[in-house]
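The values are calculated or read from the model by the stated rules, or taken from the named source; none is laboratory data. Values in this document were obtained by computation on a predicted structure and should not be read as measured data. We place every Cβ from the backbone using ideal geometry, glycine too, and count neighbours over all the protein chains shown. Keep in mind that these areas ignore ligands, DNA and RNA; they rest on the heavy atoms of the full protein, side chains included. Shrake-Rupley method; radii C 1.70, N 1.55, O 1.52, S 1.80 Å.
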Amino acid sequence: MKAPMRRWSWLFIGPVVVAFIIGFVWPFIQGIYLSFCKFRLISDAKIIGFDNYSKALQDPTFTHAFWYTALFAIVSLIIINIIAFLIAYLLTQGIKGSNLFRTVFFMPNLIGGIVLGYIWSMIFDGILSKFGTSILENSTWGFWGLIILMCWQQIGYMMIIYIAGLQAVPEDMLEAAKIDGATKGQTLRKVIIPNVMPSITICTFLSLTNGFKLFDQNLALTAGKPIITMAGGTQIKTTEMLALNIYNTFYGQNSSATGVAQAKAVMFFILVAAIGLIQLYYTRRKEVQQ
Amino acid sequence: MKKLFAILLSAVLCIGLFAACGTTDDTTAADDSNSAEATGSVYWLNFKPESDEVLQQVAAMYTEKTGVEVKVVTAASGTYSQTLTSEMDKSAPPTLFVIGNQAGVKDWADYALDLTGTAIEQELNTDAYNLYAEDGKLVSIGYCFECYGIIVNPDLLTKAGHSVEEIKNFETLKAVVEDIHARAAELGFDAFSACDMDDSSSWRFTGHLANLEYFYEERDDGGWTECPASLKGTYMENFKNLYDLCINNSTQDPTSLATGGHDSEAEFKEGKAAFFVNGSWEYSAVSETVPNATMIPYYCGVEGEEKAGLNCGTENCWAINAKASEEDQKATMDFMVWCVTDPEASRLLVDSFGVMPYKNAVESTNGFLAAADKYTADGCYVMDWATNYQPNVDTYRAGLVSALNAYNSDQSDANWESVRVAFVDGWAAQYAAANN
């Protein structure tokens, strides 16, 4: 019976593999190739070596965007996971209407990033206009505005993962802890958290990479504004994150910049992949076997 | 039996999948065969959303008359360069597209057919709106020109006890504007309509109003033929004069301009504002309710500005795709010539676009362009669109908008200095970025 199944396996895997190659592998390889080229149109690119990479690394807006993104990713990672875990913990204590709360908290996640960005820009500006200003005029507000937006969108999603984790904590362990006289705090630290480590791993991974890859919300909420033009004319888009920086490089400048943007994108991929893998490695080690 | 069932199921799955993938291929194949029969087709990538309706109409007219397929695709507002970049890479790229300024020439000259000596060039009555590459190749050719300045509602001025004729220079403009603004509550209307700084409106200031600085600087230099590497900022004070006048005497508080959301055009049309900073393309909309609306120049306190005219120029320049097939290029050329010679088509286009600088195109009925002509006839100088030289235009303007936002919320000298830096130093930096 095994042999015929194996013979037909390509039929089942094939379409997915083909779609994956067309939609991911091939563009990825082409992207790497283009990062070594000067091009206006993809169809007539000329190889120029590592020029694009050196230009990208010398670009002050790219370094600014990197540090800004890193700060954003870390702050949003901490806030999102702490609040999501707290809400999940509360909603697994058997309080009334917890199913309704779960649904409500999860719902923002169903709205697209661009729409969310515009909705929140209206909310923030509605408030700030009372003070004669706007979120587009102050980079600190831009930063916290983005954090609030991301929290609002992501907490519900992470909460669902934590709830699943919390519900999987074995009852007998909790009971044993109770019999041994553990306080609520001790139970949380010594029993619950080690047991939901897999959920923490996945949630921190998701929120960290989401923070680094953030694009739509950034574009719709501030689009990098306020922009400071420094003496000499160099522009710093103070609330521009890495993905938006790549996009702006690609479309905002002349044809020699498209290759630079491509080089930035390749470095961006390596960075996100590396950070994600390192984080996975460290949190995995903290997981316990049930 | 089980095996048969599995095979059957997977076969159904695959058919579904390939059918879904295949649909688009089928239609393109059909399109290709159609166009092959009609020897060449036209694909016009248009950059002005407001013109889309008229262009679709003109395209349908041409297809009906000649059987040649004309496809008009319009890029969403502010995304022309992205759309062009992706469309040009496709197997059926645009045959007719727009290269509207020097930055565009830099990017796209290699993809444009040299129009020197072609049928369409021979139809032109002026070469003032042509764009050339550095090697002298005629890259694109103006299909219409427009003008911008300050749109005025003469009736409201009369109501306030003033007249258009009394505005001769910045001093007199300022007197009228400030008088109206001071009495806005009593009059029921204000001087300027909203000067929003969001993407749908900021170009009126960072693109148009800024032109007065570029133009006078260009005039001092004896005319620019290519983008200067840096600006001197000689006329920044004049730009500030007029800009301050606009934002401080308007229907909206200057601190509320950053996010925008005010309908400037509606304010003017409904008689809530007497002045509206915009261009000739607004004529058809504005004349519905203000039939005698006229346009005055950017008076900003420059010496001799009593002799200033409107800002005339264009970004509407046709280029033919050099990489399109010869049949398509020929079909496109025929279509262009038809657009500027056929009375019915040129009527539609002229009413939508403004003056078409071609020998056989019909006359314009646009009141603002008539005003521009009148200034020229009276011996006033035309302020050409030096703004078309803005390097890395989107990035440059974005920096300027941000600086102006900060200035709008707090009109301090320090904040104006940031505007000056974005305006002058920003130019040099973007020039360097675009040319290295």
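Give the residue that is farthest from the other protein chains (Cβ to nearest Cβ), with candidates limited to residues of segment A:33-56 that are in contact with a helix residue (DSSP H, G or I) (Cβ under 6 Å, 6 or more places away or on another chain) and open to solvent by 60 Å² or more (accessible area, probe 1.4 Å). Here the answer is A:Lys38. When segment B:401-423 is filtered for residues that are more than 8 Å from every other protein chain (Cβ to nearest Cβ) and part of a helix (DSSP H, G or I), the ones remaining, listed by number, are B:Leu404, B:Tyr407, B:Asn408, B:Asp413, B:Ala414, B:Asn415, B:Trp416, B:Glu417, B:Val419, B:Arg420, B:Phe423. Residues in segment A:94-103: is at least one in the same structural domain as A:Ile246 (by TED's automatic domain parsing), open to solvent by 70 Å² or more (accessible area, probe 1.4 Å), of a type in the set (Val, Ile, Thr) and more than 29 Å from B:Asp89 (Cβ to Cβ)? Looking for residues that are in the same structural domain as A:Ile246 (by TED's automatic domain parsing), open to solvent by 70 Å² or more (accessible area, probe 1.4 Å), of a type in the set (Val, Ile, Thr) and more than 29 Å from B:Asp89 (Cβ to Cβ), one finds at least one in segment A:94-103, hence yes.
Given (1) without any contact (Cβ under 8 Å) to a residue 12 or more places away in the chain; (2) open to solvent by less than 80 Å² (accessible area, probe 1.4 Å), where does A:Tyr89 come up short, assuming only one miss? Going through (1) without any contact (Cβ under 8 Å) to a residue 12 or more places away in the chain; (2) open to solvent by less than 80 Å² (accessible area, probe 1.4 Å) one by one, A:Tyr89 breaks only (1). There is no residue in segment B:68-76 that is more than 10 Å from chain A (Cβ to nearest Cβ) and out of contact with any helix residue (DSSP H, G or I) (no Cβ under 8 Å at 6 or more places or on another chain). Selection of first residues in segment B:348-368 that are in contact (Cβ under 8 Å) with a residue 40 or more places away in the chain and part of a loop (DSSP other than H, G, I, E, B) and of second residues that are among the polar types (S, T, N, Q) and surrounded by fewer than 20 Cβ atoms within 10 Å (Cβ to Cβ), restricted to Cβ pairs under 6 Å at least 6 apart or on distinct chains, gives the following pairs, ordered by first then second residue: B:Pro357/B:Asn125; B:Pro357/B:Thr126; B:Lys359/B:Asn125; B:Asn360/B:Thr341.
Selection of helices (runs of 4 or more DSSP H) fully inside segment A:1-64 by the criterion of at least 3 residues being of a type in the set (A, V, I, L, M, F, W, C) returns A:2-20, A:26-34. Checked against (1) away from every other protein chain (no Cβ under 14 Å); (2) of a type in the set (Ser, Thr, Tyr); (3) out of contact with any Phe, Trp or Tyr (no Cβ under 9 Å at 6 or more places or on another chain); (4) open to solvent by 20 Å² or more (accessible area, probe 1.4 Å), A:Thr209 meets all criteria but (4). Can you confirm whether segment B:387-396 contains a residue that is closer than 30 Å to B:Ser287 by Cα, in contact (Cβ under 8 Å) with a residue 60 or more places away in the chain, assigned to a helix (DSSP H, G or I) and within 9 Å of chain A (Cβ to nearest Cβ)? No: zero hits. Applying the condition of being farther than 30 Å from B:Asp199 by Cα and not acidic (Asp, Glu) to segment B:61-80 and asking which residue is nearest to the chain's Cα centre (by Cα) yields B:Val70. Filtering segment A:237-282 to residues that are within 14 Å of chain B (Cβ to nearest Cβ), β-branched (Val, Ile, Thr) and open to solvent by 20 Å² or more (accessible area, probe 1.4 Å) leaves only A:Ile246.
For segment A:92-106, a residue qualifies if it is part of a helix (DSSP H, G or I) and without any contact (Cβ under 8 Å) to a residue 60 or more places away in the chain, and the qualifying residues are A:Ser98, A:Asn99, A:Leu100, A:Phe101, A:Thr103, A:Val104, A:Phe105, A:Phe106.
Can you find a residue in segment B:382-395 that is open to solvent by 30 Å² or more (accessible area, probe 1.4 Å) and more than 22 Å from B:Tyr216 (Cβ to Cβ)? Yes, the conditions are met somewhere in segment B:382-395. Entry remark, segment A:127-158: residues being more than 25 Å from A:Lys213 (Cβ to Cβ) and of a type in the set (A, V, I, L, M) number 2 in total. Highlighted here are the helices (runs of 4 or more DSSP H) found entirely within segment A:111-182 that include at least 1 residues which are within 14 Å of chain B (Cβ to nearest Cβ) and buried (at least 18 other Cβ atoms within 10 Å of the Cβ): A:113-128, A:139-167.
Determine, yes or no, whether A:Asn81 is surrounded by 13 or more Cβ atoms within 10 Å (Cβ to Cβ), assigned to a helix (DSSP H, G or I) and within 14 Å of chain B (Cβ to nearest Cβ). Taking the combined requirement at face value, the residue does not satisfy it.
When B:Asp253 is tested against (1) among the charged types (D, E, K, R); (2) farther than 30 Å from A:Gly233 by Cα; (3) outside the structural domain of B:Gly67 (by TED's automatic domain parsing), only condition (2) is not met.
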